[in-house]
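Asks: Pasting in a structure now, in structure tokens, and then I'll have a few things to ask.
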Amino acid sequence: MLRLHIENLALIEHAELELDPGLNVLTGETGAGKTMLAQAIGLIAGVQPAAEMVGAHGDESYVEAEFAVPEEFFADDSLEAVAALRPEGEDTLVVARRLSRAGRSRALVWGRSCARADLQAIGERLLEISSQHEARRMARPGHALDLLDDYADLAPARRAMADAWSALRACRAELERQREATRDAERRRSELEGLVEAIAALAPESGERDRLSEERQRLRHLDDLRAAAGDALQLLNPDDGDGAQLLAGRAAELVGGVEEIEPRLAATAGELRDAGERLQEAAIELRSYLDELEADPARLDWIEDRLAAFGELERRHGLSIDGVVELAADAQAALRQLDGDGGRLAELQSEVEAAERRAKAAAAKMSRARASALPRFTRDVESELADLGMEDAKLEPALKPADMGARGTDALTLLIAANPGLPAAPLSQTASGGELSRIALAIRVAARSGGGPATLLLDEVDAGVGGRTANAVGEKLKALAASAQLLCITHLPQIAAQADAHFRVEKLPGDPTATRIVRLRDREVVDEVARMLGADEGDAAARRHARAIVKAS
């Protein structure tokens with residue numbers, strides 16, 4: 001982590017930390033707000049926020065961190081969404097979190113919105129937060145297994161196992177979905193078959209319903225149609241006397257006879273001739289219509305029955321008859337799929353079995369690697385404990401089979417006998433607070449030999465430690481800082497003296513109260529170490545002691 005920016009987070013009104021790649025320590029009086037740093041980094045790592053985190057200096061909190069990351073960092077599949085947001089030419093990763101007093105939060109990378117899950121994925125790879133309760137977390141089989149995997153450098157195997165487990169779960173889920181779909185289709189088979197048979201028997205044509213409705217309307221009003229057409233024909237061309245057709249023809253002859261005398265009447269004569277011809281055509285059409293207009297009761301009954309069948313299907317399915325035809329086609333496809341589901345289910349079952357073989361192979365590989373690394377891990381942890389003044393402590397890890405999961409098929413329990421003659425017991429039950437801190441640190445140092453996140457936040461893991469052991473803890477942290485960036489919140493002057501960068505957290509009087517974080521230089525470091533030694537201001541002896549501690553480091 002290159003820098004950390006904090007605004008209005010609890011007591012911290014504003015803080016800008018330019019961090020060293022090695023050991024960074026934060027010191028200050030109890031209650032000054034040092035733990036707020038851990039909360040800020042937790043927000044960056046995607047931790048669920050609380051509205052109470054918002055300070056009194058505004059309506060929202062804002063935390064931003066900048067990381068130096070290698071190019072291959074963005075090649076991780078789980079960071080695909082983050083990589084897509086990366087601005088062109090950007091060579092650092094900028095992560096931020098904005099939290100409102102109403103409890104809403106917004107995750108950002110390079111100032112662009114992202115999902116909180118993306119921050120969690122980033123945090124898993126770049127950050128690790130270790131508190132004074134670390135030993136209790138180490139008692140959990142999953143966390144203990146993570147530490148062993150870090151020690152054995154099993155990150156590639158771990159990813160392979162996680163991918164194999166994810167693929168297996170996906171195959172199992174697809175198989176179960178297909179089985180459920182098959183069961184549902186089987187329950188509906190008779191319904192589907194009935195619909196397909198009904199449509200096959202009826203065999204409706206596209207647009208047939210409208211055509212039949214029109215024909216039914218005609219057959220139902222046959223007498224009215226015959227009377228109207230017949231009366232109209234009589235007016236145009238009656239059996240006796242002159243009709244409209246003949247009269248129009250005569251009018252055309254009369255006007256046409258004088259059009260040479262009066263040219264203005266030529267157009268009128270033409271219109272009358274056209275009218276006569278159109279009336280003749282209309283009379284022919286009416287006579288033809290009357291000849292074709294025959295009563296057919298059987299045809300009307302057939303149409304009524306067919307339209308009633310259409311209506312029944314439409315009411316049953318809530319669709320037009322054309323929609324019912326489409327539904328029947330879907331039903332037929334579902335039946336074909338149902339008949340072929342046996343083969344699909346067998347295919348999916350084969351895929352599940354293949355995925356299980358791959359997952360078991362990956363898990364077996366991890367189990368062998370863990371079993372091989374465990375004795376070395378135990379010796380290295382005991383060696384670290386000896387350096388921390390716990391020469392007689394014995395670590396007794398128990399690697400046992402477990403149900404398969406993303407971590408494989410192992411569960412690791414860490415038991416320790418902190419003192420001679422005592423039986424081994426879980427970490428949280430067998431040691432004092434100071435011993436717990438040293439055990440957690442020893443395991444953390446040993447685990448780091450295989451790699452891990454680039455930045456570690458150690459929140460008072462030195463609790464309960466003092467004297468020569470405190471010197472040993474400081475030296476261990478300094479050694480650990482050679483391979484990882486450390487942010488260490490501490491009350492021990494021996495640790496503070498080892499810092500590559502020393503920050504003091506101090507509470508400022510006022511209303512509201514505020515906290516600031518300042519980086520100390522030279523004499524300021526000596527002054528702070530002297531304060532941590534319990535000296536009063538102006539205590540020359542304490543200052544000489546503090547100067548000696550800092551110089552020796």
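Asks: Return yes when R306 is open to solvent by 70 Å² or more (accessible area, probe 1.4 Å) and assigned to a helix (DSSP H, G or I) and no when it is not.
Replies: It is false that R306 is open to solvent by 70 Å² or more (accessible area, probe 1.4 Å) and assigned to a helix (DSSP H, G or I).
Asks: Got a number for residues in segment 1-27 being surrounded by fewer than 23 Cβ atoms within 10 Å (Cβ to Cβ) and within 21 Å of G474 (Cα to Cα)?
Replies: Residues meeting the conditions: 4.
Asks: Take the residues of segment 102-124 that are over 18 Å from the mean Cα position of the chain (by Cα) and at pLDDT below 85: which is nearest to V445 (Cα to Cα)?
Replies: G103
Asks: Only one of these is of a type outside the set (F, W, Y) and in a helix (DSSP H, G or I): E396, E356. Name it.
Replies: Answer to the selection: E356.
Asks: For M138, only one of the following conditions fails: (1) open to solvent by less than 10 Å² (accessible area, probe 1.4 Å); (2) at pLDDT 90 or above. What is its number?
Replies: Of the numbered conditions (1) open to solvent by less than 10 Å² (accessible area, probe 1.4 Å); (2) at pLDDT 90 or above, the odd one out for M138 is (2).
Asks: Provide a single number: the residues in segment 208-228 that are modelled with pLDDT under 85 and either on the phi > 0 side of the Ramachandran plot or open to solvent by less than 40 Å² (accessible area, probe 1.4 Å) (or both).
Replies: Count: 4.
Asks: Determine whether segment 373-391 contains at least one residue that is open to solvent by 50 Å² or more (accessible area, probe 1.4 Å), part of a loop (DSSP other than H, G, I, E, B), modelled with pLDDT of 75 or more and touching a strand residue (DSSP E or B) at 6+ places or on another chain (Cβ under 9 Å).
Replies: Within segment 373-391, none of the residues are open to solvent by 50 Å² or more (accessible area, probe 1.4 Å), part of a loop (DSSP other than H, G, I, E, B), modelled with pLDDT of 75 or more and touching a strand residue (DSSP E or B) at 6+ places or on another chain (Cβ under 9 Å).
Asks: Then there is this: Would you please list the contacts, defined by Cβ atoms under 6 Å and residues six or more apart or on different chains, that run from a residue in segment 504-518 that is surrounded by fewer than 15 Cβ atoms within 10 Å (Cβ to Cβ) to a residue that is assigned to a loop (DSSP other than H, G, I, E, B)?
Replies: As it stands, the answer is P512/A56, since those pairs meet every condition given.
Asks: Have a look at R315, R273 and point out the one that is modelled with pLDDT of 85 or more and within 30 Å of R183 (Cβ to Cβ).
Replies: Among R315, R273, only R315 is modelled with pLDDT of 85 or more and within 30 Å of R183 (Cβ to Cβ).
Asks: Which residue, of V69, V82, V47, V94, is touching an Asp or Glu at 6+ places or on another chain (Cβ under 6 Å) and within 25 Å of S166 (Cβ to Cβ)? Show your work before the answer.
Replies: On the way: V69 fails: touching an Asp or Glu at 6+ places or on another chain (Cβ under 6 Å); V47 fails: touching an Asp or Glu at 6+ places or on another chain (Cβ under 6 Å); V94 fails: within 25 Å of S166 (Cβ to Cβ).
The conditions single out V82.
Asks: While we're here: Please determine whether any residue of segment 523-531 is under 23 Å from G467 (Cα atoms), among the small types (G, A, S) and surrounded by fewer than 19 Cβ atoms within 10 Å (Cβ to Cβ).
Replies: no
Asks: Given the criteria aliphatic (A, V, I, L, M), buried (at least 17 other Cβ atoms within 10 Å of the Cβ) and assigned to a helix (DSSP H, G or I), does A173 qualify? Let's see the steps before the verdict.
Replies: Numbers: aliphatic (A, V, I, L, M): yes; buried (at least 17 other Cβ atoms within 10 Å of the Cβ): no; assigned to a helix (DSSP H, G or I): yes.
Considered against the rule, which asks whether it is aliphatic (A, V, I, L, M), buried (at least 17 other Cβ atoms within 10 Å of the Cβ) and assigned to a helix (DSSP H, G or I), A173 comes out as no.
Asks: Please go through segment 186-207 and give me each residue that is open to solvent by less than 40 Å² (accessible area, probe 1.4 Å) and either in a loop (DSSP other than H, G, I, E, B) or touching a residue at least 12 places away in the same chain (Cβ under 8 Å) (or both), ordered by number.
Replies: The first filter runs over segment 186-207 and keeps only residues open to solvent by less than 40 Å² (accessible area, probe 1.4 Å), leaving 192, 194-196, 198-199, 202, 204, 207.
Within segment 186-207, L192, L195, V196, A198, I199, L202, P204, G207 meet the criteria.
The values are calculated or read from the model by the stated rules, or taken from the named source; none is laboratory data. Being a predicted model, the structure only gives us computed values, none of them experimental. In this analysis, Cβ positions are derived from the backbone assuming ideal geometry, glycine residues included, and neighbour counts consider all displayed protein chains. All accessible areas refer to the heavy atoms of the entire protein, side chains included, with ligands and DNA or RNA removed. Shrake-Rupley method; radii C 1.70, N 1.55, O 1.52, S 1.80 Å.
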